[in-house]
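Colleague: Provided herewith is a single structure, encoded as structure tokens, for subsequent inquiry.
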Amino acid sequence: MSSVLVSSPVIFPLSNSKSKSSLWSPSRRTISQLSVNNGDDIIDSSSNTPRLITFLGKGGSGKTISSVFAAQHYAMAGLSTCLVLQGQDRTADCLLNCKIDSSPTLCTRNLSVVRLETTKMLLEPLNELKKADGRLNLTQGVLEGVVGEELGVLPGMDSIFSLLALVRLLGLFGKRARKNHQNDKFDIIIYDGISTEETLRMIGASSKARLYLKYLRSMAEKSDLGRLAGPSLLRLVDEAMGISGNPSQLTGTISADIWDNLERILERGSSGSYQFGCFLVMNPNIPISISSALRYWGCAIQADTQVGGAFAIPTPHLDVESVENLKKNLYPLPFACIPNLAVDSPQDWNAIMMNNSVEGARGLLSLPASQKVSSVIFDTAKKTPFSCQVSRSQRSSYINAV
């Protein structure tokens, strides 16, 4: 690899940058110092809500390697970090030298890991529904006879239950639901999903679900079937999920209050876009990997989230000219490289994180929100978004992606 690429802190495609943050100065390269001196670089210091970080890219571009790298970075910064994996790929297990199970396991200091398994995630909400039904006696014991272990996973369930798990970790449910999971409190949540498309849909689910909720409420309040069955079903869901926050209020909580609580949950999720951070990942040696990342950059807008930067996982054969072309394609996103790690053996993460070659990647992950470049502006006349200061062909490709 070129020495320019190895030693470069953060490769910014910004030609008129007048000042560099001390975030990347050698004297402050130690990440523990960064987290102390810049407490709001990574998370909102005025809020106790965690932040979700995910990586967008084509399969095989290095999303899992990037997720593990970011998890190690934030954990070494002193932030309580949880790496959430989906799927049976064992790359993260090898990189971390840690067995990842379906319940959060402390892998290293400040770093917990968990693998989402839908077959097991089915059981918890079912058990909560059974407990709620036992208190409310709505199904007269029919629900108690359902054996969760006999239920199979249907298409689409993986995304639904993964979304519920992330919502719980982010604390978007009511106070009572958070109280039931006091041990699952994290500053940073790194999510490595199976599909980039599904990840983007999950991030944008809150704003999209509000319209569905509106129509469901209208049907429940205006149809005979809704007025008959709606209140009982709502109370069962409310009791199981703890939406109202205080179980003692359930006897006096009417359907309208429960609908309002659901609306507030979705509103809180859709308005908390600051909690979500996305980064592009690509293999610079594969053109289709780069073009896919550019399309996901556009698709992220529909999910109401902003891409904060781009990472490449290069090979030693990558030359300076290829890097320059990549910078032009990604303009104005900040860009850095993550080392191409061997995925079949454990890694010495202390040595990796203190290496000069990853200084740029760590700086990009710690980039304050105030220094992030707004990658999109909107043409109100044409009612179309486009990337700032890019070539006409790139802008056209970007608009088509959206």
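The values are calculated or read from the model by the stated rules, or taken from the named source; none is laboratory data. All values derive from a computational prediction rather than experimental measurement. Heads up, the Cβs are rebuilt from the backbone with ideal geometry, glycines too, and the neighbour counts pull from every protein chain shown.
Colleague: What are the residue pairs meeting all of these: first residue in the stretch 305-326, first residue of a type outside the set (A, V, I, L, M, F, W, C), second residue surrounded by fewer than 13 Cβ atoms within 10 Å (Cβ to Cβ), Cβ atoms under 9 Å, and 6 or more apart or on different chains?
Modeller: Note: pairs meeting the criteria are Q306/S374.
Colleague: Six or more apart or on different chains, Cβ under 9 Å: which pairs go from a residue in the stretch 328-339 that's without any contact (Cβ under 8 Å) to a residue 24 or more places away in the chain to one that's in a loop (DSSP other than H, G, I, E, B)? Could you list them?
Modeller: Once the first residue is without any contact (Cβ under 8 Å) to a residue 24 or more places away in the chain and sits in the stretch 328-339, no partner that is in a loop (DSSP other than H, G, I, E, B) comes close enough.
Colleague: Which one of these does G62 not meet: (1) in contact with a Ser or Thr (Cβ under 7 Å, 6 or more places away or on another chain); (2) crowded, with 23+ Cβ neighbours inside 10 Å; (3) modelled with pLDDT under 95?
Modeller: For G62, the exception is condition (1).
Colleague: Would you pick out the residues in the stretch 140-168 that are among the polar types (S, T, N, Q) and free of Cβ contacts under 8 Å to residues at least 40 places away in the same chain?
Modeller: First pass over the stretch 140-168, keeping only residues among the polar types (S, T, N, Q): 140, 159, 162.
Correct list: Q140 only.
Colleague: Across the stretch 138-155, what is the number of residues that are of a type outside the set (A, V, I, L, M) and either touching a Cys at 6+ places or on another chain (Cβ under 6 Å) or not in a loop (DSSP other than H, G, I, E, B) (or both)?
Modeller: First, pick out the residues of the stretch 138-155 that are of a type outside the set (A, V, I, L, M): 139-141, 144-145, 148-150, 152, 155.
Next cut, either touching a Cys at 6+ places or on another chain (Cβ under 6 Å) or not in a loop (DSSP other than H, G, I, E, B) (or both) only: 144-145, 148-150.
Residues in the stretch 138-155 being of a type outside the set (A, V, I, L, M) and either touching a Cys at 6+ places or on another chain (Cβ under 6 Å) or not in a loop (DSSP other than H, G, I, E, B) (or both): 5 in total.
Colleague: When you go through (1) modelled with pLDDT under 60; (2) surrounded by 12 or more Cβ atoms within 10 Å (Cβ to Cβ) one by one for I338, which number turns out not to apply?
Modeller: Unmet for I338, out of (1) modelled with pLDDT under 60; (2) surrounded by 12 or more Cβ atoms within 10 Å (Cβ to Cβ): (1).
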